[in-house]
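Asks: I am attaching a structure below and will ask some questions about it afterwards.
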Amino acid sequence: MKALILNSGLGRRMGVLTSEHPKCMTEITASDTILSIQLKQLVDIGVTEVVMTTGLFDEVLVNYCRSLDLPLEYHFVNNPRYAETNYIYSIYCARDKLKNDDILLMHGDLVFENSVIDKVIASEQSCMTVSSTLPLPEKDFKAVIKDGRIAAVGISFFDDAVAAQPLYLLKKDDWNLWLNQIIAFCEAGETSCYAENAFNEISDKCRIMPLDVKGSLCNEIDTPEDLSVVSSRFREIENRKVYMCFSTDIIHSAHIGIIKKASRLGKLTVGVLSDEVVTSYKRFPLLPCEERKVLFQNINGVSRVIEQKALDYSDVIKEMQPDIIVHGDDWRTGFQKPIRDEVVRLLATYGGRLVEFPYSTDPKYVELEKRALSNLSIPDVRRGRLRKAIDMKGCINAIEAHSGLTGLIAEQTVVQQNGKAYQFDAMWISSLCDSTAKGKPDIELVDMTSRFRTIDDIMEVTTKPIIFDGDTGGIIEHFVYTVRTLERMGVSMIIIEDKTGLKKNSLFGTEVEQTQDTIENFSAKISAGKKAQKTKDFMIVARIESLILEKGMDDALERAFAFTEAGADGIMIHSRKKEPDEIFEFIEKFRAKDKTTPIVVVPTSFNTVTEAEFKERGVNVVIYANQLTRSAYPAMKNTAELILSTHRAKEADDQCIPFKEIISLIPEEQ
Ligand code: SPV
Ligand code: MG
């Protein structure tokens, strides 16, 4: 396709404004002329070749085009008889460059907004821009429409006519017909009429459809009055507030494409979702928000970048009142639909508009996201993310995982609620559940090699950070090796409890004999572990059993401060009371002296407390230590009993999900 821009006219009605250059070089904004706007629009829509007819100031025009330095190939054709002929003759002069091609024809004094040219270029048939909402102009072009097609164009038609602007997309066959008629006219000496006079004679053979641009800006500039109206309208359009939000940290060509489209609608502000929102909605971002902001700030077409702190747009809309919000059309269904509905509602309150572009499902982008995910599972990347998540969110949660399958549940479960998304931040490799899954008691019987194997199974299919239940940590000489192995595997945190001898699960409390380690020995274990680790990321957390073993609050606090002093990266305080009072008391007293060391809780017994309340009191990690095992066991037992009592599997089917559903959880390839 070639663009044909007609710039041979004298533009006499513009007065002094055209005394030194052609009309198309008249400034519309401080940085753009009618022509530079048109040419940039052509570049944006992918046109590379321009045929431009010239007249007076031929050289000025040619030099000006070159100075714009746009990626366009120009064919300048001078009409030497510009003073006494009309543009029909200019086209005649350029005929050899115009044959057998689709032509985008425009007058050189036409200013239109981007959406107009976008619609024209998207048309599958030849078309001419018309406006059904404008009054019929006295002197300018009108198009007569018959049977849905343009039957005639001129200034003297008033019946069955609409206002029309000289912007055409002409498909090769239609254009050849019209061009041949233009040639015939000119060779017969008819050189001072409109090119449209030639069209009117063959219009029944052409299929040029009216393209209704309604109230969009598409105006010729003939007089200084036109100039003032059109340029203020153009500036208004250019300054429209356009807003678009991104969660991505991998910017690819589809993002650039949609940014380009959005920036053509006005001044584009990009919202970058905060790290916290991205983590709960999608996955841990590969780049923190500040980095993502810098990336977007440097993309062509982006005027401003802000942080969007919620998945829903209400705050942004209230603050910024964008004229246009741009989004992919993927949010019309699914969990984002309520967010979209709210955006539509809020925009309607002040006349804002939602513009949706088709969402790209190109497999190469899916592949990129897959790669990002596998990146997150690399040990070095995974290990440090727990600390980062704690810093970012203040308080994170973790759920138990004891196998690849439970790992996948921890990894993939997302709940959408009121336009927000929730998922687990980390996984807890519980000694109790790992032992139970193997049908063994939780007494450090399952050896470390086997525990590492469980971690490996989980790591193979997940990306989330791992907190390892290290029981007592064993003897110091063994503990240092455990630390190094876990660190190398990409585990983020080990929690060891201050017990010695035959460890039993804490939930037995004082019902079984359990011995607490001395402060000195346990502190030495922590210090040795801290010394052994190679990275800064890895965390060793001291778990205090004083409340479980009924040794009192003072003992718990004394140990907490001693273990922190010994280098512990966090304190886990445990209790098996239903009431959270002693946990709250510990947190309050610990926080009175230590504001920063992370506190971990396992609310199996005191399970009425919400994460928000824990956070408010100063807790940083909430671990749901065994709920998957505890809920799976009765379900499985029930099914086994049902099969035994009915002597077949049919009755049990109601409580089984189809295997297809389980399979869908399992990724085909990592
Ligand atoms: C585990 O999950 O193995 C724990 C937490 O150590 S608790 O069972 O509450 O002791
Ligand atoms: Mg345990």
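Asks: Can you spot a residue in the range 302-315 that is surrounded by fewer than 17 Cβ atoms within 10 Å (Cβ to Cβ), among the aliphatic types (A, V, I, L, M), at pLDDT below 95 and assigned to a helix (DSSP H, G or I)?
Replies: Taking the range 302-315 first, the residues surrounded by fewer than 17 Cβ atoms within 10 Å (Cβ to Cβ) are 303-304, 306-307, 309-310, 314-315.
Now drop any that are not among the aliphatic types (A, V, I, L, M), which leaves 306, 310.
Next, from what is left, pick out any that are at pLDDT below 95: 310.
Adding the requirement that they be assigned to a helix (DSSP H, G or I) leaves none.
Taking every residue of the range 302-315 in turn, none turns out to be surrounded by fewer than 17 Cβ atoms within 10 Å (Cβ to Cβ), among the aliphatic types (A, V, I, L, M), at pLDDT below 95 and assigned to a helix (DSSP H, G or I).
Asks: Six or more apart or on different chains, Cβ under 7 Å: which pairs go from a residue in the range 72-100 that's under 22 Å from S36 (Cβ atoms) to one that's of a type in the set (K, R) and at pLDDT 95 or above? Could you list them?
Replies: H75/K97; V77/K97
Asks: A further question follows. Kindly indicate the residue of the range 492-505 that is farther than 16 Å from A568 by Cα and part of a loop (DSSP other than H, G, I, E, B) and also nearest to ligand 1 (Cβ to nearest atom) among those meeting that condition.
Replies: N505
Asks: Are there any pairs with C-beta distances below 8 angstrom linking a residue in the range 438-449 that is farther than 16 Å from T485 by Cβ to a residue that is within 13 Å of ligand 1 (Cβ to nearest atom) and among the aliphatic types (A, V, I, L, M), with the two at least 6 apart or on different chains, and if so which?
Replies: As it stands, the answer is K438/V446; K440/V446; D442/L432, since those pairs meet every condition given.
Asks: Please determine whether any residue of the range 15-23 is in contact with a Lys or Arg (Cβ under 6 Å, 6 or more places away or on another chain), within 26 Å of F185 (Cβ to Cβ) and buried (at least 20 other Cβ atoms within 10 Å of the Cβ).
Replies: No, the range 15-23 has no match at all.
Asks: Here's another thing I want to ask about it. Among the residues of the range 128-144, are any in contact with a helix residue (DSSP H, G or I) (Cβ under 6 Å, 6 or more places away or on another chain) and buried (at least 19 other Cβ atoms within 10 Å of the Cβ)?
Replies: For the range 128-144, residues in contact with a helix residue (DSSP H, G or I) (Cβ under 6 Å, 6 or more places away or on another chain) and buried (at least 19 other Cβ atoms within 10 Å of the Cβ): absent.
Asks: Please go through the range 538-574 and pick out each residue that is away from ligand 1 (no atom under 16 Å from the Cβ), crowded, with 20+ Cβ neighbours inside 10 Å and either of a type in the set (G, A, S) or outside the structural domain of F590 (by TED's automatic domain parsing) (or both).
Replies: A560, A566, A568
Asks: Another one. Consider M106 against the criteria (1) surrounded by 20 or more Cβ atoms within 10 Å (Cβ to Cβ); (2) free of Cβ contacts under 8 Å to residues at least 24 places away in the same chain: it satisfies all of them except one. Which criterion is unmet?
Replies: Exception for M106: condition (2).
Asks: Any idea which of (1) closer than 18 Å to L628 by Cβ; (2) more than 16 Å from ligand 2 (Cβ to nearest atom) is the one K440 doesn't satisfy?
Replies: For K440, the failing item is (2).
Asks: In addition: For the range 447-474, how many residues meet the condition of being within 24 Å of I573 (Cα to Cα) and either of a type in the set (G, A, S) or modelled with pLDDT under 95 (or both)?
Replies: The number of residues fulfilling the criteria is 3.
Asks: Return yes when I409 is buried (at least 24 other Cβ atoms within 10 Å of the Cβ) and away from ligand 2 (no atom under 13 Å from the Cβ) and no when it is not.
Replies: On the way: buried (at least 24 other Cβ atoms within 10 Å of the Cβ): no; away from ligand 2 (no atom under 13 Å from the Cβ): yes.
When the stated conditions are applied, I409 does not pass them.
Asks: Please list, ordered by residue number, the helices (runs of 4 or more DSSP H) wholly in the range 220-289 having 3 or more residues that are surrounded by 17 or more Cβ atoms within 10 Å (Cβ to Cβ) and in contact with a Lys or Arg (Cβ under 9 Å, 6 or more places away or on another chain).
Replies: Where helices (runs of 4 or more DSSP H) fall fully within the range 220-289 and carry at least 3 residues being surrounded by 17 or more Cβ atoms within 10 Å (Cβ to Cβ) and in contact with a Lys or Arg (Cβ under 9 Å, 6 or more places away or on another chain), they are 275-281.
Asks: Could you tell me whether any residue of the range 578-597 is assigned by TED's automatic domain parsing to the domain that holds V483, of a type outside the set (S, T, Y) and within 16 Å of ligand 2 (Cβ to nearest atom)? Reasoning before the result, please.
Replies: Of all residues in the range 578-597, those assigned by TED's automatic domain parsing to the domain that holds V483 come to 578-597.
Those still in the list that are of a type outside the set (S, T, Y) too: 578-595.
Imposing the further condition that a residue be within 16 Å of ligand 2 (Cβ to nearest atom) reduces the set to none.
No, because not a single residue in the range 578-597 is assigned by TED's automatic domain parsing to the domain that holds V483, of a type outside the set (S, T, Y) and within 16 Å of ligand 2 (Cβ to nearest atom).
Asks: Mind checking which pairs have a first residue in the range 310-324 that is touching a residue at least 24 places away in the same chain (Cβ under 8 Å) and among the aliphatic types (A, V, I, L, M) and a second that is buried (at least 21 other Cβ atoms within 10 Å of the Cβ) and in a loop (DSSP other than H, G, I, E, B), Cβ under 7 Å, 6 or more apart or different chains?
Replies: I324/L265; I324/G266
Asks: Filter the range 599-626 for residues that are within 32 Å of the chain's Cα centre (by Cα) and either under 20 Å from M427 (Cα atoms) or within 16 Å of ligand 2 (Cβ to nearest atom) (or both) and give the result.
Replies: Scanning the range 599-626 gives T610, E611, A612, F614, K615, V619, N620, V621, V622, I623, Y624.
Asks: Determine, yes or no, whether I208 is at pLDDT 95 or above and either out of contact with any Lys or Arg (no Cβ under 7 Å at 6 or more places or on another chain) or not assigned by TED's automatic domain parsing to the domain that holds L104 (or both).
Replies: Working: at pLDDT 95 or above: yes; either out of contact with any Lys or Arg (no Cβ under 7 Å at 6 or more places or on another chain) or not assigned by TED's automatic domain parsing to the domain that holds L104 (or both): no.
When the stated conditions are applied, I208 does not pass them.
Asks: Being at pLDDT 95 or above and either hydrophobic (A, V, I, L, M, F, W, C) or in a helix (DSSP H, G or I) (or both): is that true of Q165 here?
Replies: Values: at pLDDT 95 or above: yes; either hydrophobic (A, V, I, L, M, F, W, C) or in a helix (DSSP H, G or I) (or both): no.
In short, no.
Asks: Here's a follow-up. Going by the conditions given, is T608 more than 15 Å from ligand 1 (Cβ to nearest atom), assigned to a loop (DSSP other than H, G, I, E, B) and farther than 30 Å from V381 by Cα? Show your work before the answer.
Replies: On the way: more than 15 Å from ligand 1 (Cβ to nearest atom): yes; assigned to a loop (DSSP other than H, G, I, E, B): yes; farther than 30 Å from V381 by Cα: yes.
So T608 passes the test.
Asks: Looking at this structure, is F479 of a type in the set (F, W, Y), away from ligand 2 (no atom under 14 Å from the Cβ), under 30 Å from K282 (Cβ atoms) and in contact with a helix residue (DSSP H, G or I) (Cβ under 8 Å, 6 or more places away or on another chain)? Explain how you work it out, then say what you get.
Replies: On the way: of a type in the set (F, W, Y): yes; away from ligand 2 (no atom under 14 Å from the Cβ): yes; under 30 Å from K282 (Cβ atoms): no; in contact with a helix residue (DSSP H, G or I) (Cβ under 8 Å, 6 or more places away or on another chain): yes.
In short, no.
The values are calculated or read from the model by the stated rules, or taken from the named source; none is laboratory data. It should be emphasised that the depicted structure is a prediction, and the values quoted were computed from it without experimental measurement. All Cβ positions, glycine included, derive from the backbone under ideal geometry; neighbour counts span all protein chains shown.
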